[in-house]
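Colleague: Encoded as structure tokens, here's the structure I'll be asking about.
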Amino acid sequence: MLASSRLPEHWPLLCGLALTRIIGWGSTYYAPSVLAAYLDRDLGMSGEVVFGGITILLVTGAVVAPMVGRHLDRRGTRRAMCAGAVICALGLALLAAAQGPISYLATWFVIGIGHSLTLANVGNVTVAQLMGERTRRVIGVMMLVTGLASSVFWPLSAALCAAYGWRAALLIFAAIQIVIVLPIHLAIPVTTPHAPAAGPAAAALPADEGRVPAQERRPIFWLLAFAFSASGLVSWGLPLHLIGLLENSGLTSATAVTIASLGGLATLVARLVDVLAGERFAVERVALVGLVLGPLSCLYMALASGTALSAIGFVAAFNAAMGVIAVARATLPLSLFGRRGFATMLGRLTVPQNLTFAAAPLLFAVMIERFGSSATLMISAAIQTGALVAMLILVRRVSSP
């Protein structure tokens with residue numbers, strides 16, 4: 001359990017930060033899924049343009065991430081997250097006023113900046129600065145809760161759009177940023193990055209310099225960047241086309257939708273297991289489990305008979321793998337490189353990852369169109385195998401005396 005001498009002091013804030021993550025992801029990243037039909041009806045915008053906003057959000061995050069990371073290491077996260085809430089509110093208000101593709105897409109640059117200051121890696125840095133050696137488990141819990149963002153905001157967005165219109169719904173989300181998110185961010189204590197923590201838990205905090213010696217930091221960084229970018233290419237690209245892949249395997253549309261919806265549950269279960277038992281094992285070894293399970297699940301689906309049972313097995317295994325890897329992506333840099341410069345390190349890792357994530361949906365659409373579902377699954381397995389090899393090399397180098 002998370003109970004400890006330090007937890008009561010921060011527990012209300014951690015709950016608040018979990019709420020802001022649900023609001024942040026739900027009102028930005030997941031919004032186009034509901035807005036698409038309304039934007040097509042009112043502004044004549046195609047799905048490609050609507051979801052192009054997400055690409056701009058991710059690319060913007062990649063551009064500003066190193067600068068944001070350096071700022072967080074110098075000044076802490078409070079100011080950045082407060083500014084991010086205001087910028088997200090401004091972006092959502094501007095989105096509500098969009099009159100066409102140009103103004104719509106331009107607004108996503110603003111939202112992308114706010115997103116980079118409030119979500120992405122900033123919340124994880126806040127947890128690291130507050131919780132010390134408990135960071136891994138707390139981040140796992142927060143990611144577990146964040147997985148509910150789509151489940152909460154898809155029906156909420158649909159209800160608000162149906163009742164008041166999509167512009168009013170976005171204005172309501174902008175107001176929520178100011179009324180709910182901003183006060184929670186204002187409650188974040190002003191921290192001094194890298195300063196030793198006081199109290200009985202101080203000696204147990206991760207070493208500021210991490211486990212990786214200076215001469216190994218650069219190769220380990222690139223192995224980590226490649227492993228997580230390659231696995232992320234699949235985890236951000238394949239799920240968006242999952243229903244179509246299942247239909248192409250011979251399942252009916254209704255069955256495909258039902259089975260695909262099980263993916264979120266599998267991800268939550270995997271993250272819950274990691275929260276409860278993951279601290280018994282090194283983070284990189286837990287990541288290996290996901291990086292083995294991912295390609296095996298894709299190979300299985302590519303070679304399977306196309307029955308509902310095989311599809312359930314694939315969806316469960318694939319999403320469980322992605323859930324484990326997502327937690328490792330947030331916590332392994334801290335385990336390897338330590339608290340000193342943690343935000344800067346995350347910012348540097350964000351650049352290749354976000355660029356890869358931004359390209360993933362279109363890349364997988366092209367692969368499915370040109371090569372078919374089975375070949376795309378085989379390619380996905382090959383990409384994930386590359387990530388597995390990189391992680392195996394990383395584990396070997398980290399474990400070497």
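Colleague: Of the residues that make up region 345-356, is at least one part of a helix (DSSP H, G or I), in the same structural domain as PHE281 (by TED's automatic domain parsing), under 16 Å from VAL234 (Cα atoms) and out of contact with any Gly (no Cβ under 8 Å at 6 or more places or on another chain)?
Modeller: Yes, some residue in region 345-356 is part of a helix (DSSP H, G or I), in the same structural domain as PHE281 (by TED's automatic domain parsing), under 16 Å from VAL234 (Cα atoms) and out of contact with any Gly (no Cβ under 8 Å at 6 or more places or on another chain).
Colleague: Only one of these conditions is not met by PRO219: (1) modelled with pLDDT of 85 or more; (2) closer than 24 Å to ALA381 by Cβ. Which number is it?
Modeller: (2)
Colleague: If I ask for residues that are in contact with a Phe, Trp or Tyr (Cβ under 8 Å, 6 or more places away or on another chain) and closer than 17 Å to LEU291 by Cβ, which ones from region 306-327 would you list? Break it down into steps so the answer makes sense when it comes.
Modeller: Pass one, region 306-327, residues in contact with a Phe, Trp or Tyr (Cβ under 8 Å, 6 or more places away or on another chain): 310, 313-314, 317, 325.
Once the filter is applied, which keeps residues that are in contact with a Phe, Trp or Tyr (Cβ under 8 Å, 6 or more places away or on another chain) and closer than 17 Å to LEU291 by Cβ, region 306-327 yields PHE314, ALA317, ILE325.
Colleague: Starting from region 149-167, keep only residues that are in the same structural domain as GLY91 (by TED's automatic domain parsing) and in contact (Cβ under 8 Å) with a residue 24 or more places away in the chain, then list their pairs with residues that are part of a helix (DSSP H, G or I) and among the β-branched types (Val, Ile, Thr) whose Cβ atoms are within a distance under 7 Å, requiring at least 6 positions of separation or different chains.
Modeller: ALA149/ILE22; VAL152/ILE22; TRP154/VAL34; SER157/VAL34; ALA158/VAL34; CYS161/VAL34
Colleague: Still on this structure, I have one more. Restrict the check to region 94-116 and report whether at least one residue is more than 21 Å from the chain's Cα centre (by Cα) and buried (at least 24 other Cβ atoms within 10 Å of the Cβ).
Modeller: yes
Colleague: Then there is this: Among the candidates VAL50, VAL59, VAL68, VAL63, which residue alone is in contact with an Asp or Glu (Cβ under 9 Å, 6 or more places away or on another chain) and not hydroxyl-bearing (Ser, Thr, Tyr)? Walk me through it before giving the result.
Modeller: Values: VAL59 fails: in contact with an Asp or Glu (Cβ under 9 Å, 6 or more places away or on another chain); VAL68 fails: in contact with an Asp or Glu (Cβ under 9 Å, 6 or more places away or on another chain); VAL63 fails: in contact with an Asp or Glu (Cβ under 9 Å, 6 or more places away or on another chain).
Result of the check over VAL50, VAL59, VAL68, VAL63: VAL50.
Colleague: Within region 147-160, take every residue that is more than 14 Å from LEU19 (Cα to Cα) and surrounded by fewer than 19 Cβ atoms within 10 Å (Cβ to Cβ) and give me the one that is modelled with the lowest pLDDT. Reasoning before the result, please.
Modeller: Here is the first cut: in region 147-160, the residues more than 14 Å from LEU19 (Cα to Cα) are 154-160.
Those left that are additionally surrounded by fewer than 19 Cβ atoms within 10 Å (Cβ to Cβ): 154-156, 158-159.
Values: TRP154: 81, PRO155: 86, LEU156: 90, ALA158: 88, ALA159: 90.
Per the stated criteria, the residue is TRP154.
Colleague: Something else about it: Quick check on this structure: which one of VAL86, VAL59 is touching a helix residue (DSSP H, G or I) at 6+ places or on another chain (Cβ under 8 Å), more than 21 Å from LEU171 (Cβ to Cβ) and at pLDDT 90 or above?
Modeller: VAL59
Colleague: Quick check on region 281-296. Is at least one of its residues over 28 Å from TYR30 (Cα atoms), at pLDDT below 90, more than 23 Å from the chain's Cα centre (by Cα) and surrounded by fewer than 17 Cβ atoms within 10 Å (Cβ to Cβ)?
Modeller: Taking every residue of region 281-296 in turn, none turns out to be over 28 Å from TYR30 (Cα atoms), at pLDDT below 90, more than 23 Å from the chain's Cα centre (by Cα) and surrounded by fewer than 17 Cβ atoms within 10 Å (Cβ to Cβ).
Colleague: In region 247-282, what residues are basic (Lys, Arg) and out of contact with any helix residue (DSSP H, G or I) (no Cβ under 7 Å at 6 or more places or on another chain)?
Modeller: The initial filter retains those residues of region 247-282 that are basic (Lys, Arg), namely 271, 280.
Answer for region 247-282, where residues must be basic (Lys, Arg) and out of contact with any helix residue (DSSP H, G or I) (no Cβ under 7 Å at 6 or more places or on another chain): just ARG280.
Colleague: Continuing with this model, one more query. For PHE318, work out the one condition from (1) under 17 Å from the mean Cα position of the chain (by Cα); (2) farther than 22 Å from GLU247 by Cα it doesn't fulfil.
Modeller: Status for PHE318: all satisfied but (2).
Colleague: Have a look at LEU72, LEU144, LEU170, LEU130 and point out the one that is in a helix (DSSP H, G or I) and either at pLDDT 95 or above or within 25 Å of VAL49 (Cα to Cα) (or both). Lay out the reasoning, then the answer.
Modeller: Details: LEU72 fails: either at pLDDT 95 or above or within 25 Å of VAL49 (Cα to Cα) (or both); LEU144 fails: either at pLDDT 95 or above or within 25 Å of VAL49 (Cα to Cα) (or both); LEU130 fails: either at pLDDT 95 or above or within 25 Å of VAL49 (Cα to Cα) (or both).
Testing whether each residue is in a helix (DSSP H, G or I) and either at pLDDT 95 or above or within 25 Å of VAL49 (Cα to Cα) (or both) leaves just LEU170.
Colleague: Then there is this: So, in region 251-276, exactly how many residues are surrounded by fewer than 19 Cβ atoms within 10 Å (Cβ to Cβ), assigned to a helix (DSSP H, G or I) and of a type outside the set (A, V, I, L, M)?
Modeller: Matching residues across region 251-276 total 4.
Colleague: The conditions are (1) surrounded by fewer than 24 Cβ atoms within 10 Å (Cβ to Cβ); (2) out of contact with any Phe, Trp or Tyr (no Cβ under 7 Å at 6 or more places or on another chain), and LEU334 fails exactly one of them. Which is it?
Modeller: Exception for LEU334: condition (2).
The values are calculated or read from the model by the stated rules, or taken from the named source; none is laboratory data. Note that the structure is predicted; figures quoted are calculated from it, not measured. For neighbour counting, all protein chains shown are included, and Cβ atoms are generated from backbone atoms with ideal geometry for every residue, glycine included.
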